[in-house]
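The values are calculated or read from the model by the stated rules, or taken from the named source; none is laboratory data. Please read all numbers here as calculations on a predicted model, not as lab measurements. Positions of Cβ are generated from backbone atoms using ideal geometry, with glycine treated the same way; all protein chains shown enter the neighbour counts.
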Amino acid sequence: MHPARPSSLRPSRSLLFATAAVATAALATGCGSAPESVAAASKAAQATSAADLGGMDKLVAAAEKEGELNVYALAPDWANYGEMVAAFQKRYPGIKVNNENPGGSSQQALNAAAKRKGQDRAVDALDLGTAYMQSAKAQKLLAPYKVTGWDAIPAAQKQPDGSYLNNYGGYISIGCDAKAVAKCPETFKDLLDPAYKNKVALNGNPAESSSALATVFAASLSNGGSLDDIRPGLDFFKQLKQKGNYVPAESTLATIQKGETPISIDWDYLNLGYGEKLKAKGVDWKVTVPSDGQYSNYYNQGVNKHAPHPAAARLWLEFVYSKEGQNIWLKGFSRPAMLEVMVKDGTADKAAAAKIPKVSGTPKTVTPQQEAKAKEAVVQGWGKAVS
């Protein structure tokens, strides 16, 4: 079935805590006789806004002098990241974007930021789920930075200290190849039907992936669980595995096209994006938001405190939260953090906004504390559930 049409284009406040972020940081430098480039890097690393560097023109100049930007696990098909990176490179051709391990997970991105301090290949900016962004903050890996227009961003979408802020969000959905499956499932309960044997997959391992963790949350809500108790979600996947319906392979655009994962539980913006690309391949990819497990969340962006390219990292955040950047998320079927503001001031891409699936009812979203607790439970219990 086609995605349910929600009642409003404005992002629900329940999409408050997302899971994606960007990290950037500083090269500690000496003083006095230090080379000019080192001094510039040190100043950029301590900047909490573009104004600290003398304005956007100075930030751009400093970033272009650095000449590179290191990001991690930004899959081109994920929320329109391919266009986002291309648009940034077109706007700033003097800055080379190094996108390492595009198919990586939030945990791998966090590891790359934590273990490469002082290295030229350290991650400059992070896109993480909330639980992983909280881990980054707890490890003192984030540098406070407030983008231009910070004051207009809803308070619910940002951390007061500027450590990280909501980026883009969506709802957990069920994607289905209507040509490979006689009747596409519409609820989590439907997924237990024997007709779906060896057909149901996730986008990653929930012990490492924010999107997969969100799916376990949604499954928990559909089976008597709560935001404080994710165990029913683990029990659901244990049952799905016992019935032979769960496929341990990671669902991607490629596995869907090959017919290996004909049913994929994932963010609605990813499933909808897959559908657009699969049309040309003859795949009829249907997407629905399950009524029995409505769950929404955001990913976050933040700056790495130890970024080798601190100015470029901050410029990346400025671009992502510009009207151009936010509309790029919108074109990727996700709900940008500034959508509410942009709808009000008329700068939102109306055609793209009209394609965003609307969901009736009130979806549930965890607090950072609830997500962190659930993550630990899943890390401990996922292997046992699906082994």
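Numbers below:
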quantity: One residue from Val366, Val341 being within 19 Å of Ala156 (Cα to Cα), in contact (Cβ under 8 Å) with a residue 24 or more places away in the chain and over 19 Å from the mean Cα position of the chain (by Cα); calculated: Val341
quantity: Residue within the range 42-59 that is in contact with a helix residue (DSSP H, G or I) (Cβ under 8 Å, 6 or more places away or on another chain), modelled with pLDDT under 95, among the polar types (S, T, N, Q) and part of a helix (DSSP H, G or I) present; calculated: no
quantity: Selection within the range 87-124 - closer than 22 Å to Leu213 by Cα and either in contact (Cβ under 8 Å) with a residue 40 or more places away in the chain or buried (at least 22 other Cβ atoms within 10 Å of the Cβ) (or both); calculated: Gly103, Ser105, Ser106, Gln107, Gln108, Ala109, Leu110, Ala112, Ala113
quantity: Given (1) over 30 Å from Leu53 (Cα atoms); (2) out of contact with any Cys (no Cβ under 8 Å at 6 or more places or on another chain), index of the condition Gly325 fails; calculated: (1)
quantity: Residue in the range 333-341 that is crowded, with 21+ Cβ neighbours inside 10 Å, in contact with a Gly (Cβ under 6 Å, 6 or more places away or on another chain) and among the small types (Gly, Ala, Ser) present; calculated: yes
quantity: Residue list for the range 342-357, restricted to those being hydrophobic (A, V, I, L, M, F, W, C), modelled with pLDDT of 95 or more and loosely packed, with under 13 Cβ neighbours inside 10 Å; calculated: Ala351
quantity: Residue in the range 91-102 that is in the same structural domain as Leu142 (by TED's automatic domain parsing), in a helix (DSSP H, G or I) and of a type in the set (Phe, Trp, Tyr) present; calculated: no
quantity: Residue identified as hydrophobic (A, V, I, L, M, F, W, C) and over 24 Å from Ser135 (Cβ atoms) among Ala311, Ala377; calculated: Ala311
quantity: Enumeration of residues in the range 330-349 that are under 20 Å from Gly275 (Cα atoms) and either in a loop (DSSP other than H, G, I, E, B) or assigned by TED's automatic domain parsing to the domain that holds Gly273 (or both); calculated: Gly332, Phe333, Ser334
quantity: Near pairs, Cβ below 7 angstrom, 6+ apart or cross-chain, from the range 62-86 (in the same structural domain as Gly325 (by TED's automatic domain parsing) and under 15 Å from His309 (Cβ atoms)) to any residue that is charged (D, E, K, R) and buried (at least 24 other Cβ atoms within 10 Å of the Cβ); calculated: Leu69/Asp124; Asn70/Asp124; Val71/Asp124
quantity: The range 306-332 residues that are farther than 10 Å from Phe88 by Cβ, paired with ones that are of a type in the set (Phe, Trp, Tyr) and assigned to a helix (DSSP H, G or I) (beta carbon under 8 Å, 6 or more apart); calculated: Gly332/Tyr81; Gly332/Tyr269
quantity: Unmet criterion (only one of (1) part of a helix (DSSP H, G or I); (2) surrounded by fewer than 23 Cβ atoms within 10 Å (Cβ to Cβ)) for Ser360; calculated: (1)
quantity: All positions within the range 174-195 that are buried (at least 24 other Cβ atoms within 10 Å of the Cβ), of a type outside the set (A, V, I, L, M) and not in a loop (DSSP other than H, G, I, E, B); calculated: Gly175, Cys176
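Let's see how each residue does on (1) over 27 Å from Ile256 (Cα atoms); (2) assigned to a helix (DSSP H, G or I); (3) modelled with pLDDT of 95 or more:
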{"site": "Val123", "(1), (2), (3)": "yes, no, yes"}
{"site": "Leu126", "(1), (2), (3)": "yes, no, yes"}
{"site": "Lys137", "(1), (2), (3)": "yes, yes, yes"}
{"site": "Ile172", "(1), (2), (3)": "no, no, yes"}
